[in-house]
Structures are given as structure tokens and as C-alpha cells.
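Quick note: the coordinates plus some simple rules give every number you see, no bench work behind them. Keep in mind the model is a prediction, meaning the values are calculated, not measured. A quick note on method: Cβ atoms are made from the backbone with ideal geometry, for glycine too, and the neighbour counts reach across all protein chains shown.
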Amino acid sequence: MPLSDKIKELGLEGAQRDEYYARGLHQIAKAVSFLNNDCKLIHGNVCLASVVVTQTLDWKLHAFDVLSEFDGSNEPSSTQMLVIIFILILL
């Protein structure tokens, strides 16, 4: 389920909401770190629309349509954009 829909559905408030957001942001940060550091890839579109929520309320990075290779500089490489599905991240 898209994160925006799940947030509305849950209707969390106060400390419970803050804890859920912190845990979710940590999960997305780990996914981005894995892509950047281990795979040498750049997601290219991390935003609310690129996060989905599982049945167990875990946040997962989605929307890999603008994924590109990272060449070590601050700029994405000039190689062709890649379309890759990371089963490890989505499970």
C-alpha cells in the first residue's frame, strides 16, 4: 500500500506517530544506503510516492524506474538508466 494512504488509514498521533515515522525513515535510509554503498546505484526519486507499506507496517523503497549507476563522483554516471528490481529490498 502507498505510504500516504497508510498514514491516513492509521491515523497515528503523538509519540506513537513519531516512533512509527522514525522507524520507517530508518528502514528507507537503510535501503538507500544499501543501494549507494553496496550496489553503487542511485535511486533518483526517493519521495513519499516511492515508499510502500507492507502488511506488517514496514516501509519499503519502491519505484526503481530512475535507478542509475553511481560512478564515485557527486554526479550520476552518464551510463544508461537501469531498471532493476531488488527482491531483497522489497521482501
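Data for the structure
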read-out	value
21 Å Cα-Cα reach of K8 towards lysines, excluding residues that sit fewer than 8 places from it in its own chain	K60
E9/N37 FRET efficiency (R0 30 Å; Cβ-Cβ; nearest 0.05)	0.35
